Amino acid sequence: MRIALACLLLAGLLLASCGGRSPLDGTTWTLASIGGTAPVAGSNVGIAFKDGNVGGSGGCNQYGGTYQTSGEKIQFGEIVSTLMACADNSLNDQEQRFLKLLQQSASYQQASGTLTLRDGAGGTLLVFQQGAAQP
């Protein structure tokens, strides 16, 4: 009887963890590094995670899409954005690079107020600091 009860409890815990919320859900971040360099000054790039959706400002345009996590793995669905041109070409270039790197993300690490997105080989793509980007 005890073994059966223990098995039922273990199965329930495993099932609960399969359909659980992502540890990123409800968090908001500001871009601190893109490909190892600081973002363009004043660009205010951010990302927010909520209920399987992701979105924010790419610096000029708003973007959004979906995401999934499993352990340290992360996968973004198709990311769409508005199509306004930035006043500065460096902002346009950064935004396009940011959205591309976001799609290439394969894993993440969240520690000490920092979110790091990495590619499939473990290389750092994007680093964020916790907190919303300022408009």
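Assuming 0.36 nm per residue, please report the length gained on full extension of the stretch residue 72 to residue 101 beyond their Cα-Cα distance.
On the way: separation 29, 0.36 × 29 = 10.44 nm, distance 1.71 nm.
Contour length minus the Cα-Cα distance gives 8.7 nm.
Given the range 13-135 reduced to its alpha-carbon atoms as identical point scatterers, what log10 I(q)/I(0) does the Debye formula return at q = 0.13 Å⁻¹?
Summing over Cα pairs of the range 13-135 leads to -0.48.
May I ask you to work out the translational diffusion coefficient for the range 62-130 at 25 °C, viscosity 0.890 mPa s, via Stokes-Einstein with Rh from the Kirkwood sum over Cα pairs, reported in whole µm²/s? Let's see the in-between values first.
On the way: Rh = 13.0 Å.
The Stokes-Einstein estimate is 189 µm²/s.
Every number here is computed from the coordinates shown, using simple stated rules; none is lab data. Here the structure is a predicted model, which is why all the values come from computation and not from measurement.
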